[in-house]
Amino acid sequence: MKSSVWRVGALLFGSGCCALVYQIGWLREFRLIFGASTAASAAVLAIFIGGLGLGGLLLGPRADRHPRPILFYAQLETIVALSAAASPLLLAFVRQLYVAAGGTPRLGLAAGTIGRLVLSALVLAVPTIFMGGTLPAAARGVTRQTDARRQDVAALYALNTLGAVLGCVVATFYMLEIFGTRTTLWLAAGVNLLVAMAARQIDRSMPPIREEATAEHAELAEPIHGSAGRTSAPTPEGSAAFVLIASGIVGFAFFLMELVWYRMLGPLLGGSVFTFGLILAFALAGIGLGGLLYALVGSNRPASLPAFAYSCLLEAVAIAFAFALGDRLAVLALVLTPLSQESFAAHVSGWCLIAGIVVLLPALVAGYQFPLLVGLAGRGRDRVGRQIGQVYAANTIGAIAGSLAGGFGLLPWLSAPGAWRLVSIALVALGVCAAALAAVRGVRRSLAPQIVLMATALALLVATGPTAAWRHSGVGAGRAAIETITSANQLRNWITISQRGVVWDGDGIESSVALILQPRGYAFIVNGKSDGSARTDAATQVMLGLLGAIVNPHAGRALAIGLGTGSTAGWLGAIPAMERVDVVELEPLVVEVARACEPVNRDVLHNPKVHVAIGDARERLLTSVDEYDVIASEPSNPFRAGVASLFTREYYRAASDRLSADGVFVQWVQAYEIDARTLRTVYATMGSVFPHVETWQLGRSDFALVAAKRPLAYGASALSARIAEEPFKTALRVAWRAVDVNGVLAHYLAGDRLTRAIASAPGVEVNTDDRNVVEFGFARSVGRSVSLIVTDVRQLATTLGAARPPLPDGGTIDWNAVETSRVGFHASEGSGADVFSLMRIESQAQADEQGRRLALVDYYDGGNLPAARLHWPRAAPPRDPTELAMLADLDADTGSDAALGYIEALRAVQPGEADAILAQLRVRQERYEEAVTALELAFQQFRTDPWALPPFKQKALDLAGALAGHGPAAARRVFDALGAPLAVRALEDDRLIARATLTPAVDFKGLCRDAVGRLEPHVPWNQTFLSLRLDCYEATGDPRHDVARRELLDFLSREPLPLASGISR
């Protein structure tokens, strides 16, 4: 291989680096204009890839005719650099045009898509078309006429792609975060100009290329070698057709597989901007290494159809192998999770291992394929530019088709694992066709290796593949507690819990979505991470929008960003004065989540005032002319790729433009896995747009930043009157356990003074569309153990004198009682110790307040009833349902009828909790018949009322097991009481297991098959249940008894050997 190949290859390395920086920067910029939907991204990607293919097709022949191809290459790179440098200005112009046109909300999907294509072409056509001609020009300049295999082309292709790897890594992990998108594009354009200048210097040292006779290679053709080693006559038409079709198919397969990798690896790697950059880098690295392998290994023999067949089958096996690994990769990701606590670099190294296993080998084979296809098209330098352009164009057409078909059809239709299988099968079919065509043309080679590869790929695809443990367990987001897994059986139990908890799952156009069961009830998983829970997140989801309507009592129109469980929109829609609630949701499948969560969202989908639109929220705000009194923004976590664009100054300006004069904008911000630097940026960004920003705490780990154009004016009496109205009264009781203004003010954290102090601090950055530091800050913190920052915010607010709202009638507020309400709310969530602190006692009233707080923490956090009794101030009345339920249970636990008064008072607000406590009282009094009756009533309430606290539901389940021991009649009644799910299927696993466990006390043979079968096929992985299951199936003659026996033996084989095993007296 000539030295000129490596010199020009170095240029292509540099231009490949620049090209990937361009691609990443342009895609980010267009997402900010068109939105982050698949339709918007597909339009941009189609223009980008199509431009490359068109450039190759148009400029490849021109390169063949040019006497100085390297000079032509330099000219192309100059045009690319200059047009890329101009792209930020064109993007600003395109933004104005698109916003003025109204985007897809006004134009509709069809016209909007055409508009996106046209506007994308305005920015991308020139640089991408000329970019597409660079490889043909460079190849024409350095490819040897004697290079029958076209290894010189492979070397250039490989170096160009490896340069792209560098560009991808540098842009993702450094440049975009440090410099912002525009500066990154300009820096890349500057490097691109240097490449063009270097190319001109190299051209001066190279002689011009003479026109050569090319009759033999006038068309795409493959010389076919017969059995005797003679070269038979080429068949141009057949070879040309096959090479182009094959190029299109492999392009289709690889781009579809890229979509699958993004969708499937996101749950294991976190789904952040780093995840997608890393996957792309590994795909490019594999392609580059594969091209380099083709260039450096093998004799100078022409490319052959059998070799192409082998490459297809090898790629199919590589893809199928990662599929067959299935949940083993999830377990590996789980094992690597602790690296996130060491450092970000260590965390990335773990991601690299996972991505490398899945992506690298298939990409390597794909990288070998492209120069192989170019080699099938011809030999040496003759018409090399034209043939590269044709193969490249066919490949890009297939790539566009693969990305469109995957995003809009195949992933939603087949699911991501189904599409994974399809890609491997398609490559097997292509390999078989190539082998058959070679046989037809007289190439006699043993088919045995190809048959083995085909059989191997198909056998691997029969495997189960990735299940819920991979897709929905939250491994990549650090939600899987590896520290609780200390044995093989515990690992198996973790996997079965993940699988058993899935109610349904699906791949939508934008995301994978699953409705799963958690102890408190339904939750939904988006791309591998929980994005909301019907009950666990009710304090946030119910109150986010209502908080805006509380502080703005004249609200008549509202906008909710994100549908989720439907709670925010549903409760807003329940306000009598609310005329309309618009909801913007990106993923259509999430609508089905809201449908399932009807018990907590006020039947949002059937409320005529609520209007759900599927689309991008940012695009809606930028292009809409509607005005709102409340905008509640509750997107997914900002570490997710693209989500942080809903936390930028430009986004907040768009929201401000849509607000009425007295309107409020309520922004959800997570208070977990966030460092102080990132939170300061969020405050500074909101403060740069809104003159007034308050901070409230919704749930244990959720902030609400309430922003307005003018200071919010509300008083204690006005708040009291507002929250006495429905639906505020009920919402506060069920979501915050609050019944008065104290319970509301307990969630107030800081006034605007805090926002201004943070925004004016030195070194605090503002988050912008161009430089989205929030996205990278959150992405670096995902999965890391970071202490809740709520306490820091509260302490800073206290220091600044901003911890209390400026109420004109604030003198009527008992702030000690407010603090007790705050402790009580957190205690009811199991986190009272997070906010409790001892105070200096200067009066009996203060001593009583401290006693209340200690009792709440003792009872709810630690379950220490004696300590709670000791600390509760004597004869102090309860103020809210949290205290009322505690006092009722404290007396019930002693068997005292003094509990009855509290129980009846509790019944008025939470009848399920009251009946569960009454059952406890009757058990303590040994009045078991009445206890069973109370328990039946409790479960009856729990089936329709989702708002009872989990400890009281768990108490009822525990009592069920205890009461079943008081005779068959009692056992049967308890068994029947457990027959139906609780609201939002809370404690579903516990309910089903308890019911199965009760069958021996009722009618084992008659009832166990149904009760145990409800937990199939992913059964609880513990000896007690597995033994019960085997006994049941053997007693009833169920054909599943063989599986039950085998799995019980499997469990026992993994348990440590008892010391006394096999030892007799």
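Since every read-out is calculated from the coordinates, none of them should be taken as a lab result. Just so it is clear, the model here is predicted, and its values are computed rather than measured. All Cβ positions, glycine included, derive from the backbone under ideal geometry; neighbour counts span all protein chains shown.
Which of the following values of Rg and Dmax of the Cα atoms in Å was calculated from the structure shown: [x] 33.0, 108; [y] 34.9, 112; [z] 56.6, 163? Only one option fits the structure, namely [x].
Dividing the helix sum by the residues of the chain, where each DSSP H run of 4 or more adds -39500 (n - 2.57), gives a mean residue ellipticity at 222 nm of -19500 deg cm²/dmol. Using the charge dipole of the range 235-469 (Lys, Arg: +1 at Cβ; Asp, Glu: -1 at Cβ; taken about the Cα centre), state which of 240, 466, 262 has its Cα farthest towards the positive end. Most positive-ward Cα: 240.
The Cα atoms of the range 537-804 define a convex hull whose projected area, averaged across directions, is 13.0 nm². When DSSP beta bridges are restricted to pairs lying wholly in the chain, around 65% turn out antiparallel. Placing R0 at 35 angstrom, the Cβ-Cβ distance between residue 452 and residue 241 gives a FRET efficiency of 0.75 after rounding to 0.05. Inter-label distance, residue 926 to residue 1024: 2.6 nm, where each label sits 7 Å from its Cα along the C-beta direction.
Shown in residue order for the range 571-577 are the 3J(HN,Hα) couplings computed by the Karplus curve 6.51 cos²θ - 1.76 cosθ + 1.60 at θ = phi - 60°: 6, 4, x, 7, 5, x, 7 Hz (x for Gly and Pro). Amide H to amide H, with H built 1.01 Å from N, residue 749 comes under 5 Å of 695, 696, 697, counting only residues 5 or more places away or on other chains.
Taking amide H as placed 1.01 Å from N in the peptide plane, residue 702 has its amide H under 5 Å from the amide H of 671, each at least 5 places away in sequence or on another chain. Just to verify a number: FRET efficiency for residue 146 and residue 440, C-beta to C-beta distance, R0 = 30 Å, to 0.05? Efficiency at R0 = 30 Å is approximately 0.50. Taking the Cα centre of the range 500-622 as origin and assigning +1 to Lys and Arg Cβ atoms and -1 to Asp and Glu Cβ atoms, the resulting dipole is close to 400 debye. Oblate is the label for the range 595-660, because a/c, from the alpha-carbon gyration tensor with a ≥ b ≥ c as root eigenvalues, is 1.5 or above and a/b does not exceed b/c. Per the Kirkwood formula applied to alpha carbons, the range 322-393 shows a radius of gyration over Rh ratio, Rg over Rh, of 1.29. Here the range 127-154 and the range 304-325 have alpha carbon centers that stand 26 Å from each other. Expressed as a whole percent, the proportion of Cα-Cα pairs in the range 987-1058 lying more than 21 Å apart is 22%.
Of the peptides 942-955, 243-256, the ranking by mean beta-carbon count within 10 Å, highest at the top, reads 243-256, 942-955.
Here's the thing: no lysines lie within a cross-link span of residue 729, going by alpha-carbon distance under 16 Å and ignoring same-chain residues fewer than 8 apart. Proximity of backbone amide H atoms, modeled 1.01 Å from N, is registered between residue 615 and 585, 586 at under 5 Å, excluding neighbours fewer than 5 places apart on the same chain. Packing, as the average of other Cβ atoms within 10 Å across residues, places the peptides 750-758, 960-968 in the order 750-758, 960-968, highest first. Spacing of the modelled spin labels on residue 1059 and residue 958, each 7 Å from Cα toward Cβ, amounts to 3.1 nm.
By other beta-carbon atoms within 10 Å, ranking 441, 874 with the fewest at the front produces 874, 441. Sort the range 506-624 into rounded, prolate or oblate with this rule: let a ≥ b ≥ c be the square roots of the eigenvalues of the Cα gyration tensor; rounded if a/c is under 1.5, and if a/c is not under 1.5, prolate when a/b is larger than b/c, oblate otherwise. Because a/c hits 1.5 or more and a/b fails to exceed b/c, the range 506-624 counts as oblate.
Against the chain, whose longest principal axis is taken from its Cα atoms, helix 69-101 shows a tilt of about 30°. Taking a ≥ b ≥ c as the square roots of the eigenvalues of the Cα gyration tensor of the range 75-221, is the shape rounded (a/c under 1.5), prolate (a/b larger than b/c) or oblate? The shape class here is prolate. For the chain, the dipole from Cβ point charges (+1 on Lys and Arg, -1 on Asp and Glu) about the Cα centre works out to 3400 debye, to the nearest 20. Of the GluC sites (Glu not before Pro) found in the range 818-903, the ones in coil according to DSSP and having at most 15 other Cβ atoms within 10 Å of their Cβ are 842. Its Cα centre serving as origin, the range 81-177 has a Cβ charge dipole (Lys and Arg +1, Asp and Glu -1) of approximately 220 debye. Peptides 33-42, 452-461, 648-657, 305-314 ranked from most to least packed give 305-314, 33-42, 648-657, 452-461, packing being the mean of other C-beta atoms within 10 angstrom over each peptide's residues.
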